[in-house]
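Down below is the structure, laid out as structure tokens.
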Amino acid sequence: MTDMQATLDQILSLRRDKAGPVIDVDEPTVKLVIVSLGDRWFAFHGEKIKEVLADCPVYYLPGCPSSLEGVINVRGDIESVIRLHALLGLPEPVAGLPSRILLGQAATMRSGIRVDRVEEVMDVNESAILPPPHTISEDLRPLVLGIVSFRDHLIHLLDLDRLFEDYRLGLR
């Protein structure tokens, strides 16, 4: 072993000793289902979304509120379909464009939720979810649990429990 190699080994040994042990930090994560409505992006907690359905026939029910699109047949179970655009006060999409239905379950309600697209299903570190800013509109403020940044979009994390409860009580 040359003197230069011995000196290098000593330096590396000192650095390892000073650095201390490597600590593996396992930060808690949460699964999010990220959807878009027009140019706005939203997310739901993954455990609240039971299934993502392809666009399927929705059967209109006369006399229902405008936010209730109708009902669908999901493997023999009849499920309602709520139009998220209407619940959030957003402009309706252009008719005929493809869309998706999320089968959500929260609070005491289970329903389909019509969205334009499902952008991603992903795990996010809990620390990446920031509190909602005060600039959120009055009607959205009670529904937004937090904000997440993803693909250059600010995503509003929606409270499906509150959304369904408000809908059940006729507040949306």
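In the stretch 67-89, of all residues being of a type in the set (S, T, N, Q) and closer than 12 Å to ARG114 by Cβ, the one that is most open to solvent (accessible area, probe 1.4 Å) corresponds to SER80. When GLU165, GLU79 are checked against the criterion of being without any contact (Cβ under 8 Å) to a residue 60 or more places away in the chain, in contact with a Gly (Cβ under 9 Å, 6 or more places away or on another chain), among the acidic types (Asp, Glu) and within 26 Å of LEU61 (Cα to Cα), GLU79 stands alone in meeting it. Condition check for ARG114 on (1) surrounded by fewer than 17 Cβ atoms within 10 Å (Cβ to Cβ); (2) touching a helix residue (DSSP H, G or I) at 6+ places or on another chain (Cβ under 7 Å); (3) not hydrophobic (A, V, I, L, M, F, W, C): one failure, at (1).
Condition (residue is at pLDDT 95 or above and open to solvent by 70 Å² or more (accessible area, probe 1.4 Å)) applied to the stretch 13-35: is it met by at least one residue? Yes, that holds for at least one residue. The condition of being in contact with a Cys (Cβ under 8 Å, 6 or more places away or on another chain) and aliphatic (A, V, I, L, M) holds for only one of ILE82, ILE101, ILE155, that being ILE101.
Counting only residues that are closer than 30 Å to CYS56 by Cα and among the hydroxyl-bearing types (Ser, Thr, Tyr), the stretch 111-149 holds 1 of them. Quick check on my filter: what residues within the stretch 152-172 are assigned to a helix (DSSP H, G or I), modelled with pLDDT under 90 and open to solvent by 40 Å² or more (accessible area, probe 1.4 Å)? Answer for the stretch 152-172, where residues must be assigned to a helix (DSSP H, G or I), modelled with pLDDT under 90 and open to solvent by 40 Å² or more (accessible area, probe 1.4 Å): just ARG168.
The values are calculated or read from the model by the stated rules, or taken from the named source; none is laboratory data. Bear in mind that the values here come from a model prediction, so they are computed numbers and not experimental data. Note that we place each Cβ from the backbone using ideal geometry, even for glycine, and neighbour counts take in every protein chain shown. Ligands, DNA and RNA are excluded from the accessible area calculation, which covers all protein heavy atoms including side chains. Shrake-Rupley method; radii C 1.70, N 1.55, O 1.52, S 1.80 Å.
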